Amino acid sequence: MQHLIDIDSTPVADLEAILELADAIADGPGRFQHTGRDRVLVNLFYEPSTRTRVSFEIAAMRLGLRVINVAASDSSVRKGETLQDTFLSLQAMGPDCIAVRHPTNGALGGLTEFAGPEMHIVNAGDGSRAHPTQALLDMYTLRRHLPDLANRTVLVAGDLHHSRVTSSDVALMKKLGVGEIRLCAPPELMAASAVTDGVRVFDDFDAALEGVDAVMMLRIQHERLGAMDAPEGEDYHRHWGLTNARLALAAPGCIVMHPGPMNRGVEITSEVADGPRSVIREQVTNGVWVRMAVLSHLLGLPAAG
Amino acid sequence: MQHLIDIDSTPVADLEAILELADAIADGPGRFQHTGRDRVLVNLFYEPSTRTRVSFEIAAMRLGLRVINVAASDSSVRKGETLQDTFLSLQAMGPDCIAVRHPTNGALGGLTEFAGPEMHIVNAGDGSRAHPTQALLDMYTLRRHLPDLANRTVLVAGDLHHSRVTSSDVALMKKLGVGEIRLCAPPELMAASAVTDGVRVFDDFDAALEGVDAVMMLRIQHERLGAMDAPEGEDYHRHWGLTNARLALAAPGCIVMHPGPMNRGVEITSEVADGPRSVIREQVTNGVWVRMAVLSHLLGLPAAG
Amino acid sequence: MQHLIDIDSTPVADLEAILELADAIADGPGRFQHTGRDRVLVNLFYEPSTRTRVSFEIAAMRLGLRVINVAASDSSVRKGETLQDTFLSLQAMGPDCIAVRHPTNGALGGLTEFAGPEMHIVNAGDGSRAHPTQALLDMYTLRRHLPDLANRTVLVAGDLHHSRVTSSDVALMKKLGVGEIRLCAPPELMAASAVTDGVRVFDDFDAALEGVDAVMMLRIQHERLGAMDAPEGEDYHRHWGLTNARLALAAPGCIVMHPGPMNRGVEITSEVADGPRSVIREQVTNGVWVRMAVLSHLLGLPAAG
């Protein structure tokens with residue numbers, strides 16, 4: 001496995017290996033601390049990001065890698081250079097890995113054919129389609145709390161249409177065998193691409209929540225709604241916001257996830273986000289373990305001892 | 001002492017310990033060189049900054065820490081995530097320290113209750129209120145030149161109203177016992193919060209300079225003056241600019257300080273800024289020692305040998 | 001040799017030493033890997049840049065240096081601080097080297113008189129005048145392919161007027177003895193400063209290509225053309241674009257260079273850029289070796305073993 005482009009193209013064995021490695025790293029990060037010494041990761045971000053970029057950066061640092069950040073506001077991008085040429089230039093400078101975030105669906109797929117044998121590409125989110133490291137950290141978090149996933153029901157709810165998390169998460173849950181996968185969104189914000197065999201679709205949030213063991217709330221992306229005829233603010237919250245009252249419909253012990261950043265009071269209330277069922281902060285921590293595992297797996301870094 | 005939020009809330013013993021540590025570092029930085037190895041500092045800057053951010057970054061590097069920069073232009077901030085949630089996410093990734101600059105007065109105070117026991121927060125400047133590491137480096141510089149501070153007179157002059165340096169500096173000078181503290185500004189630019197017991201206020205610059213042992217000139221913040229009825233440019237310079245002629249009114253050997261960036265020809269002339277009394281560049285150098293001391297003190301880094 | 005400001009002011013012996021060192025580094029980068037440990041490079045970029053900034057950063061990292069990036073969008077610059085004061089502040093923080101990119105011709109020359117004995121300044125491109133590390137990597141690439149440069153003909157073609165590469169490259173080729181140097185550009189885009197003794201000037205691209213051993217294509221800088229009466233797009237391509245058909249006019253084995261970023265289909269076709277004569281990607285790789293050599297030479301870093 002040379003690259004991590006999306007869940008669909010990644011063998012189950014590699015996905016499992018990454019999740020197991022993440023477990024080993026979380027248990028004893030010290031053994032992995034300098035294994036990537038003198039290696040270099042480039043974060044090539046065509047969209048701004050705090051969470052994902054910092055998570056990759058801190059994951060790389062914990063492995064001992066050096067990190068170089070390139071942002072869309074930098075020059076070549078402005079000067080109209082193609083993604084391919086920017087990639088080829090960066091590759092020619094000899095880094096070991098490039099994590100790319102790009103606004104266009106599938107932008108990264110085309111890069112792999114230009115990658116040399118020593119180069120590793122990681123998709124840090126492209127368009128509204130794929131965000132495989134987010135899916136892996138979500139799955140990692142799910143499995144820590146619900147080891148018997150084959151018997152469990154997981155609901156993904158919110159603005160599914162604009163989220164790059166939806167299809168990656170659904171693809172991974174199907175691949176690794178979640179018992180039942182439910183999707184729930186306002187009709188305008190349903191993700192057609194995620195509605196695949198075996199997925200149950202709801203347009204009533206209360207009905208969707210009934211008996212679920214985990215609910216993953218997605219952020220309403222105000223900045224992408226544009227002129228869509230979708231509910232906003234108060235109205236959105238009334239129909240699609242997760243409250244403690246709604247959460248009572250789920251199975252006892254149901255965990256609450258959110259990839260962040262959250263719109264408190266819109267898709268989720270603070271009482272839920274900060275409540276006992278929330279594993280939202282844990283997801284962020286797990287994101288570092290999982291990204292360390294991805295980098296270790298791709299670069300073939302050995303654990304010490 | 002877990003955090004450095006402002007001068008008022010920090011015990012004198014810690015402030016003294018930091019200043020002594022800065023002295024030890026300045027004398028032999030090599031002993032501290034890799035003491036912070038494998039630790040991580042996040043610079044979370046909601047306002048752009050060259051000087052302070054680079055000073056923190058270079059201070060951290062000299063201790064062996066890794067540094068991650070997050071700027072206000074990054075995504076989560078734009079997406080309307082609260083400071084608290086951004087902090088909590090970053091904290092969940094496991095850095096050891098976060099230096100925060102924020103445009104809102106007191107923004108950082110609210111974060112400490114969310115900080116885990118291993119996390120350290122440093123105020124890198126909030127609103128127009130607090131900039132404790134600047135105050136510490138100013139005090140450090142003052143004491144190197146004027147060890148008998150209890151017998152000395154220090155004047156802070158210029159746009160006191162908009163500077164986050166004013167109240168931190170006054171608070172620290174009072175706490176560590178400067179003989180006489182004077183403030184001087186155009187009435188519209190006086191800092192009400194800094195006018196406290198024992199501080200002498202002047203509205204005539206020449207009178208204020210009479211016999212002082214140190215003068216700290218503050219930058220006129222054109223970009224914040226907005227529609228204020230305050231003197232500008234030439235006019236400001238004539239009444240409030242520090243020239244060699246004016247400096248002659250001070251005590252012999254009076255030192256000149258400025259936190260930068262300077263408006264040459266406005267609040268200070270080049271003959272003064274680059275003259276023999278100026279310790280402006282030395283302040284910048286001391287800023288690195290002091291920030292190394294702050295990080296070492298908070299993180300409990302031991303000196304080698 | 002303390003600084004690298006431009007080719008003209010640098011002794012031939014130093015230029016030769018840098019090129020030889022680059023060769024040694026390319027042959028065995030491992031010997032140089034941690035030689036710059038605990039040193040600090042500041043990249044001070046007043047113009048955005050991907051390629052040059054990342055190349056300096058990765059070169060510094062491969063030597064073990066720490067790197068701090070300061071961009072024009074950062075604060076002091078916005079607040080109207082002069083380049084000199086920004087430089088002096090940064091210098092006071094104790095880095096070992098500052099690489100500066102600046103939009104103004106000759107902006108860096110003035111800084112050297114303010115540099116302390118331990119400080120090294122590298123010009124990372126100023127105005128449309130000088131880009132000495134680009135010239136060095138171009139020369140390094142030329143010599144690897146054409147060791148007998150004194151018997152060779154090299155053509156520099158394209159938007160010579162706006163490129164900071166032109167005069168640095170011509171100066172270096174003259175200094176190190178290229179057999180024949182040709183320049184070719186639309187009359188409006190000729191670089192007057194580069195037209196010096198012994199340089200042959202063409203305004204017909206086909207004639208200029210006749211028998212050359214290397215052609216360096218420069219990027220048409222749409223963003224700087226502004227209201228100039230210069231050919232654009234299709235029109236430019238028809239007269240000044242390098243195609244395989246045109247390349248057939250050159251000497252057999254003629255190599256094709258481009259400093260990037262390329263406008264594919266304008267000054268160069270993809271068949272040429274990606275074809276067997278192209279050494280464009282190799283230039284980028286060589287850029288890292290050459291910048292490692294520049295930093296090593298200036299900082300006096302020893303090779304291991």
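The values are calculated or read from the model by the stated rules, or taken from the named source; none is laboratory data. Because the structure is a prediction, the values reported are computed rather than measured. A quick note on method: Cβ atoms are made from the backbone with ideal geometry, for glycine too, and the neighbour counts reach across all protein chains shown. Surface accessibility is based on the protein's heavy atoms, side chains included, excluding ligands, DNA and RNA. Shrake-Rupley method; radii C 1.70, N 1.55, O 1.52, S 1.80 Å.
Take C:S9, A:S89 and sort them by solvent-accessible surface of the protein heavy atoms, 1.4 Å probe, largest at the top. Numbers along the way, then the final one.
On the way: C:S9 80, A:S89 10 Å².
Greatest to least solvent exposure: C:S9, A:S89.
Pop the C-beta distance of C:A192 and C:D8 into the FRET formula with R0 = 25 Å and round what comes out to the nearest 0.05.
Details: r = 16 Å, r/R0 = 0.64.
That gives a FRET efficiency of 0.95.
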*For A:G179, list long-range residues whose amide hydrogen, built 1.01 Å from N in the peptide plane, is under 5 Å from its own amide hydrogen.*
A:A150, A:N151, A:R152
*Heavy atoms only, probe 1.4 Å: what % of the accessible area of the range C:133-283 goes to carbon and sulfur, would you let me know?*
50 percent
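Multiply the residue separation of B:K174 and B:D274 by 0.36 nm, subtract the distance between their alpha-carbon atoms, and state the gained length in nm to one decimal.
On the way: separation 100, 0.36 × 100 = 36.00 nm, distance 2.89 nm.
Gain in length upon complete extension: 33.1 nm.
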_I want to check the label-to-label distance for A:E113 and B:A304. Put each point 7 Å from Cα in the C-beta direction and report it in nm to one decimal._
5.2 nm
_Fraction of antiparallel bridges per DSSP, chain A only, in percent to nearest 5_ = 5 percent
*the range A:1-68: C-alpha gyration tensor shape, a/c 1.5 cut-off, then a/b vs b/c*: oblate
*Find, among the GluC sites (Glu not before Pro) in the range B:69-163, those assigned to loop by DSSP (not H, G, I, E, B) with at most 16 other beta-carbon atoms within 10 angstrom.*
B:E118
*Shortest-first nm distances, B:G300 label point to equivalent points in other copies (7 Å, Cα→Cβ)*: 4.1, 4.1
*For the protein assembly as shown, state the average projected area of the convex hull of the C-alpha atoms over all orientations, rounded to one decimal in nm².*
40.5 nm²
*Taking the Cα atoms only, what angle lies between the long axis of helix B:280-299 and the longest principal axis of chain B, rounded to 10 degrees?*
30 degrees
_Per residue, in Å², the accessible surface of the range C:34-106 once ligands and nucleic acids are set aside, probe 1.4 Å_ = 27 Å²
*asked:* Can you give the FRET efficiency to the nearest 0.05 for C:R238 and A:N105, using r as the Cβ-Cβ distance and R₀ = 30 Å?
replied: 0.30
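Mean residue ellipticity at 222 nm from the helices of chain B, using -39,500 (n - 2.57) per DSSP H segment of n ≥ 4 over the full residue count, to the nearest 500 deg cm²/dmol?
About -10500 deg cm²/dmol.
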_Considering all alpha-carbon pairs of the range C:133-283, what whole percent are spaced by more than 20 angstrom?_
41 percent
*Relative to the longest principal axis of chain A, what angle (0 to 90°, nearest 10) does the C-alpha long axis of helix A:83-92 take?*
40 degrees
*State, to one decimal in nm and shortest first, how far the label point of A:G233 sits from each corresponding label point in the other identical copies (label point: 7 angstrom along Cα-to-Cβ).*
4.3, 4.3
*Label-point separation (nm) for B:Q84 and C:E16, each offset 7 Å from Cα along Cα-to-Cβ?*
6.9 nm
_Let's see if you can work this out: charge +1 on each Lys and Arg Cβ, -1 on each Asp and Glu Cβ, no other charges. What is the dipole magnitude of the protein assembly as shown about its Cα centre, in debye to the nearest 20?_
1660 debye
*Taking the dipole about the Cα centre of the range A:44-147, with the C-beta of Lys and Arg at +1 and of Asp and Glu at -1, give me whichever of A:A72, A:A115, A:G94 is farthest to the positive side.*
A:A72
_Taking a point 7 Å out from Cα toward Cβ as the label site, list the nm distances between C:T112 and the same residue in every other copy, smallest first._
5.1, 5.1
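Counting only other chains, what is the mean number of Cβ atoms within 10 angstrom of the Cβ of each residue in peptide A:255-261?
For peptide A:255-261, the averaged partner shielding equals 3.
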*Please report the buried accessible area for the interface of A with C, total over both chains, probe 1.4 Å, in Å² to the nearest 100.*
2300 Å²
*Work out Dmax and Rg for chain B from the C-alpha atoms and quote the Rg first, both in angstrom.*
19.1, 57
_Contact order normalised by length for chain B, with contacts defined as Cα pairs under 8 Å and 6 or more residues apart; what percent is it?_
20 percent
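Give me a single rounded figure for C:25-38: the average over its residues of other chain Cβ atoms within 10 Å of their Cβ.
Details: counts 0, 0, 0, 0, 2, 1, 0, 0, 2, 2, 0, 0, 2, 7.
Mean partner shielding for this stretch: 1.
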_Taking beta carbons within 10 Å but only from partner chains, what does the mean come to for residues A:44-56?_
5
*Report, to the nearest 10°, how far helix A:51-62 tilts away from the longest principal axis of the Cα atoms in chain A, using its own Cα long axis and a range of 0 to 90°.*
50 degrees
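Compute the relative contact order of the range A:133-283 as a whole-number percentage, counting only Cα pairs closer than 8 Å that sit 6 or more residues apart in sequence.
Working: 274 pairs, mean separation 35.9, N = 151.
RCO, the range A:133-283: 24 percent.
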_Surface accessible to a 1.4 Å probe, per residue, for the residues of the range B:133-284, Å²_ = 37 Å²
*asked:* Bin width 5 Å, origin at 0, all Cα-Cα pairs of the range C:128-181: what percent of pairs per bin?
replied: 5, 21, 32, 26, 12, 4, 0
